[in-house]
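Data first, discussion second: the structure below is written as structure tokens.
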């Protein structure tokens, strides 16, 4: 049926099957003391604020909602549009707008009920509002998509979020951050800005008793290029050895290395990474020279509490270790029994040799905000095998927390550091703090962060509110109650279950913090004796830099796959700058959406120009990535150099070809 509401003579029509909300708007002054303890503030462009909100299911077909609203001094707010967003992606449901009436106070408490048979279906619904002018136009609340702000979730039938009394005793803290990429452009960004720039604003990492992240790259100087990954357009992330200093300066103690980028440069690079981490005093877990080593726990002690870590990946089996093959601790997410046959003994060993056991799982599908059923089944099995908490990563998006047998599964922390101009949920993540002692984990807190190009910072304002609200609602879908206060989301846990005492104190590696400097000589394959005859070209100069050779593989691209470009360079005189190469395959005529592109430093980021010696011949090989929709037609490959993010001179056309 159609529902109508009139604002200042304008008629708005919405379609809805739900009953008309029974709305109460109570205006109060000096009402700060009346506000709920759990609150998050969202600012609208007219100066108004949504101060706190909650939604509670009270029956199979009914829910009660409440939010607190403070109008701006010059606000013309007349009411709110109201919409239900099903959590399974089904079509959204418009409800009748809510009228605020005259703005007669400094604070409004708005309560209403929603009743409809749709709420009986086996799915949850996000209840979202959008502030409207008297003319029915939306008042902006960036960066909320469409300016729709969730005030809470009507959980699916049968899901009842559990609440526990907060435990505020002083304990140790583990701070957990998600996917951390020190490779690709981060090499050049850190080289220019220093190792403290990337994570230096996230002081919680350094201040914690322990800090853990997922290392979403491989740290190595050597390795193989273009390792097959069973993907037509794979990403390859390798960080120079000195990139480990980013971890040291941020206070990272342990990194999970089991993921779909651990083997990006082959087994030799993976083995080399272990030495780099050890030299810097950082524990790595999740990879090894064979499957047993890759899946074995590592141990660390803080203030008399011994902590064990296990790390595993479910996303890319091709990098999995074997009986005598280096690689990751890889298990199948879809076969819980097979996965636990591998991880169960590792957790049992960790429990025998440590007080508390954390299991890091790299398991989420990219750009998904909810764990799959298979992920949840595996997570529950890991908890029941004895894990005190699961530290999840891989989806590059912040996901909710589920409590299983009193212990938390953090399905995904999102990104902690990435070398891209991210937006949407890829640009908003969280840093988790887990309070623990000998008995286990007692509380989880999430502090929102924003990701920028090569660095991260604490989130503020609406960006922080968006992450907090989203985390609250995603967790409620999983049956977990989240309390928001002072810019932090808190999950209180029941008392940890009784456990068997530690049997034997496992061996602790004697790791000491130390600086790891850059290479002093070019990595293998970077400096060559000559340019192959079929690649020689007439030299092209950018100041003292000369391009003296070029070829492309394949020479005639016929399908959507990465194209590998080889170039040879020499230097007429020493330079102090680290220059970047930019490569573009541009359609003729130029269509920006069809452009293939790549930016990088020479030798696949491994040997910056400031380290070159005059007279040497430097070979570079790098993959140019096609767009998602690579259109057929005529293309040209152009190339140039970048200094400090500015192009040097004009780009040069190297070849043209017909792409089929």
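Within the range 202-219, identify whether any single residue is in the same structural domain as residue 263 (by TED's automatic domain parsing), touching a helix residue (DSSP H, G or I) at 6+ places or on another chain (Cβ under 9 Å) and over 23 Å from residue 175 (Cβ atoms), and answer yes or no. Within the range 202-219 (the criterion being in the same structural domain as residue 263 (by TED's automatic domain parsing), touching a helix residue (DSSP H, G or I) at 6+ places or on another chain (Cβ under 9 Å) and over 23 Å from residue 175 (Cβ atoms)), the answer is yes, since at least one residue qualifies. Within the range 127-142, which residues are in contact with a helix residue (DSSP H, G or I) (Cβ under 7 Å, 6 or more places away or on another chain) and surrounded by fewer than 17 Cβ atoms within 10 Å (Cβ to Cβ)? Within the range 127-142, 138, 140, 142 qualify.
Applying the set (1) farther than 16 Å from residue 256 by Cα; (2) touching a residue at least 40 places away in the same chain (Cβ under 8 Å); (3) more than 24 Å from the chain's Cα centre (by Cα); (4) not in a loop (DSSP other than H, G, I, E, B) to residue 318 leaves exactly one unmet item: (3). If you filter the range 421-434 down to residues that are out of contact with any helix residue (DSSP H, G or I) (no Cβ under 7 Å at 6 or more places or on another chain) and buried (at least 20 other Cβ atoms within 10 Å of the Cβ), you find that the one that is nearest to residue 498 (Cα to Cα) is 434.
Could you please let me know if residue 620 is within 26 Å of residue 264 (Cβ to Cβ), part of a strand (DSSP E or B) and over 29 Å from the mean Cα position of the chain (by Cα)? For residue 620, the condition - within 26 Å of residue 264 (Cβ to Cβ), part of a strand (DSSP E or B) and over 29 Å from the mean Cα position of the chain (by Cα) - is met.
Selection within the range 372-391: residues that are over 15 Å from residue 313 (Cα atoms) and crowded, with 24+ Cβ neighbours inside 10 Å. The member of this set that is nearest to the chain's Cα centre (by Cα) is 389. Taken over the range 15-32, the residue count meeting the criterion of being under 22 Å from residue 127 (Cα atoms) and either modelled with pLDDT under 50 or in a loop (DSSP other than H, G, I, E, B) (or both) is 9.
Output the number of residues of the range 325-367 satisfying the condition of being part of a loop (DSSP other than H, G, I, E, B), surrounded by fewer than 19 Cβ atoms within 10 Å (Cβ to Cβ) and either modelled with pLDDT of 95 or more or in contact with a strand residue (DSSP E or B) (Cβ under 7 Å, 6 or more places away or on another chain) (or both). Selection size over the range 325-367: 3.
Among the candidates 601, 566, the residue that is under 34 Å from the mean Cα position of the chain (by Cα) and under 18 Å from residue 191 (Cβ atoms) is uniquely 601. Scanning for something out of contact with any helix residue (DSSP H, G or I) (no Cβ under 7 Å at 6 or more places or on another chain), outside any loop (DSSP other than H, G, I, E, B) and within 22 Å of residue 300 (Cα to Cα), does the range 191-199 turn up at least one residue? The answer is no; no qualifying residue exists.
Look through 233, 244, 218 and report the one residue that is in contact with a strand residue (DSSP E or B) (Cβ under 7 Å, 6 or more places away or on another chain), more than 17 Å from residue 431 (Cα to Cα) and modelled with pLDDT under 95. Residue meeting the stated conditions: 233. Among the residues of the range 288-299, are any touching a helix residue (DSSP H, G or I) at 6+ places or on another chain (Cβ under 6 Å), buried (at least 24 other Cβ atoms within 10 Å of the Cβ), in a helix (DSSP H, G or I) and not assigned by TED's automatic domain parsing to the domain that holds residue 564? Yes, that holds for at least one residue. Comparison of 457, 433, 428, 472 shows that the only residue that is within 31 Å of the chain's Cα centre (by Cα), outside the structural domain of residue 608 (by TED's automatic domain parsing), more than 27 Å from residue 195 (Cα to Cα) and touching a residue at least 24 places away in the same chain (Cβ under 8 Å) is 472. Residue count for the range 49-71 satisfying the condition of being surrounded by fewer than 16 Cβ atoms within 10 Å (Cβ to Cβ) and either in contact with a strand residue (DSSP E or B) (Cβ under 6 Å, 6 or more places away or on another chain) or modelled with pLDDT of 95 or more (or both): 2. Each residue in the range 166-190 was checked for being over 14 Å from residue 455 (Cβ atoms) and part of a strand (DSSP E or B), and 7 pass.
Return the pairs, sorted by first residue and then second, in which the second residue is in a loop (DSSP other than H, G, I, E, B) and modelled with pLDDT of 90 or more, the first residue lies in the range 87-106 and is assigned by TED's automatic domain parsing to the domain that holds residue 128 and over 16 Å from residue 138 (Cα atoms), the beta carbons are less than 6 Å apart, and the residues are 6+ apart or on different chains. If the second residue must be in a loop (DSSP other than H, G, I, E, B) and modelled with pLDDT of 90 or more, the pairs left are 87/123; 87/124; 88/123; 103/71. Just one of (1) in a helix (DSSP H, G or I); (2) crowded, with 24+ Cβ neighbours inside 10 Å fails for residue 255. It is (1).
Inspection of the range 404-420 identifies at least one residue that is touching a residue at least 24 places away in the same chain (Cβ under 8 Å), surrounded by fewer than 20 Cβ atoms within 10 Å (Cβ to Cβ) and within 29 Å of residue 141 (Cα to Cα).
Scanning the range 550-583 for residues that are without any contact (Cβ under 8 Å) to a residue 24 or more places away in the chain and either in a strand (DSSP E or B) or closer than 16 Å to residue 532 by Cα (or both) yields 551, 553.
The values are calculated or read from the model by the stated rules, or taken from the named source; none is laboratory data. On a predicted model such as this, the values are computed, not experimentally measured, just so you know. Cβ coordinates were reconstructed from backbone atoms using ideal geometry, including for glycine residues, and neighbour counts include every protein chain displayed.
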